[in-house]
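Following: one structure in structure tokens, then a few remarks.
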Amino acid sequence: MALQAASLVSSAFAVPKEVKSNASFKDSSLFGVSLSDHLKANFNSSALRSKRESNQRVGGVRAQTMATASPAVNTATPEAKKTLRKGNVVVTGASSGLGLATAKALAETGKWHVIMACRDLLKAERAAKSAGIAKENYTVMHLDLASLDSVRQFVDNFRRSERPLDVLVCNAAVYLPTAKEPTFTAEGFELSVGTNHLGHFLLSRLLLLDDLKKSDYPSKRLIIVGSITGNTNTLAGNVPPKANLGDLRGLAGGLNGLNSSSMIDGGEFDGAKAYKDSKVCNMLTMQEFHRRFQEETGITFASLYPGCIATTGLFREHIPLFRLLFPPFKSTSPRALSPNMKPEKGLLSDPSLTKSGVYWSWNKDSASFENQLSQEASDADKARKVWEISEKLVGLA
Ligand code: NDP
Ligand code: PMR
């Protein structure tokens, strides 16, 4: 056990200074790239590590990232010859945690140009440099998902760059478990659902229909990161407060906390629940995309649970005791000790992972499997309603 644990925490990861705790990842595979290797090799770059950050280092790194097929170019077919160019992937929230690890791993394959879509340009630039991502393999572009204007501006800027879009990864998220009162996006939506769901909803609708659809890439993908904690068919999803979208009355009212509740189900504000609800929306949205657009566009839509990555920036707002106990507790769990998420076993070589409409997870033996969503997170009727209400809220209907 100790040996396994040691191998899991063998790498240093200098996180950007905004991230209070250091990142500790399990092995990762969203794009079919072994993140752990990259992280081990490069995330300990000291170039931008402040003394304070060094002092804060607690964890080692095994990364678990999000899966899309590698653009594995097969020159044997004319189709492949046509697409020898690098793939272009937009990763939201690539300035930290899973998004940064994913950006790094993809960039290092040499087969992807990563557009790091981030709200804090300086932080993102520093994070990319600190992670050792080669300049020619990434571009940082501004995106604040808590502002629909910013989302639209991002889409404009992206189009101006004249890059084709081959993969979009909706990864960014905020988690506000200790907030007593709701806070709001620029348009007045409760911040967690506004950022994690509505911002991504608008982004993916705009980029999907006009950009991703046009890509000539062999594997076009839209990945939306979900979570076990939004799935009430799991132990983790039964830790209160549980996700529950109810009859969507709060969402329909605009989540503004004035003439409507700030919570999707119309209840009292609860930051932890708002996050879990937003993850249910993410998973429902992926399925609705699949139903509406898979056949027409050939795009693969997928969601995933990346595993528990206990020391990313996500828990920065949590109580200090949680931040102290969660990483060591999680790093001794059987799942964390397993050689999890070996992408070479999974997404690179497993053709089934190109399947659309799936919520992926990886077991302790690194094998990918189609995970079962909770009843609510797989409710097609609810997915349609969330879609229709969200369209109105973001100004698409
Ligand atoms: P981090 O907090 O490290 O990363 C979140 C990223 O989202 C950061 O880059 C952050 O930017 C960005 N972000 C937050 N708000 C906005 C915004 N308004 N506009 C643009 N970007 C924004 O967390 P993780 O890496 O852990 O989380 C990544 C994903 O993984 C999330 O979707 C999360 O739900 C999911 N997940 C994580 C798990 C875990 O155990 N960590 C488990 C299950 C799912 P900035 O750097 O500027 O703060
Ligand atoms: Mg946890 C096998 C059980 C399991 C798993 C896989 C997780 C993952 N959690 C599990 C169990 C439990 N958790 C139990 C039994 C408890 C009560 C002691 C517990 C508590 C807990 C808290 C307070 N867990 C948490 C929190 C958080 O604040 C985290 C959260 O919900 O963030 C939204 C969290 C998590 N637990 C996980 C994972 C993956 C998280 C982070 C979830 C996410 O980012 O979506």
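The values are calculated or read from the model by the stated rules, or taken from the named source; none is laboratory data. Fair warning: this is a prediction, and the values are worked out from it, not measured in the lab. Methodologically, a virtual Cβ is constructed for each residue, glycine included, from the backbone with ideal geometry; neighbour enumeration extends over all protein chains shown.
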inquiry  = Just to be sure I understand the filter: pairs with C-beta atoms under 8 Å, separated by 6 or more residues or on different chains, first member in region 93-110 and closer than 27 Å to S192 by Cα, second member in a helix (DSSP H, G or I) and acidic (D, E). Which pairs pass?
reply    = none
query = Is it the case that some residue within region 299-310 is out of contact with any helix residue (DSSP H, G or I) (no Cβ under 9 Å at 6 or more places or on another chain), in a helix (DSSP H, G or I) and either closer than 19 Å to V386 by Cα or within 16 Å of ligand 1 (Cβ to nearest atom) (or both)?
reply = no
query = Which residue pairs have Cβ atoms under 6 Å apart, sit 6 or more places apart or on different chains, and have a first residue in region 172-184 that is away from ligand 1 (no atom under 11 Å from the Cβ) and a second that is charged (D, E, K, R)?
reply = T178/E317; P182/E190
task = Look at region 358-397 and say how many of its residues are of a type in the set (D, E, K, R) and modelled with pLDDT under 95.
result = 3
note = Inside region 104-126, the number of residues satisfying the requirement of being in a helix (DSSP H, G or I), more than 9 Å from ligand 1 (Cβ to nearest atom) and out of contact with any helix residue (DSSP H, G or I) (no Cβ under 7 Å at 6 or more places or on another chain) is 6
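Would you mind stating whether G271 is surrounded by fewer than 20 Cβ atoms within 10 Å (Cβ to Cβ) and at pLDDT 95 or above?
Working: surrounded by fewer than 20 Cβ atoms within 10 Å (Cβ to Cβ): no; at pLDDT 95 or above: yes.
For G271, the condition - surrounded by fewer than 20 Cβ atoms within 10 Å (Cβ to Cβ) and at pLDDT 95 or above - is not met.
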task = For L209, work out the one condition from (1) outside any strand (DSSP E or B); (2) hydrophobic (A, V, I, L, M, F, W, C); (3) more than 10 Å from ligand 2 (Cβ to nearest atom); (4) crowded, with 16+ Cβ neighbours inside 10 Å it doesn't fulfil.
result = (4)
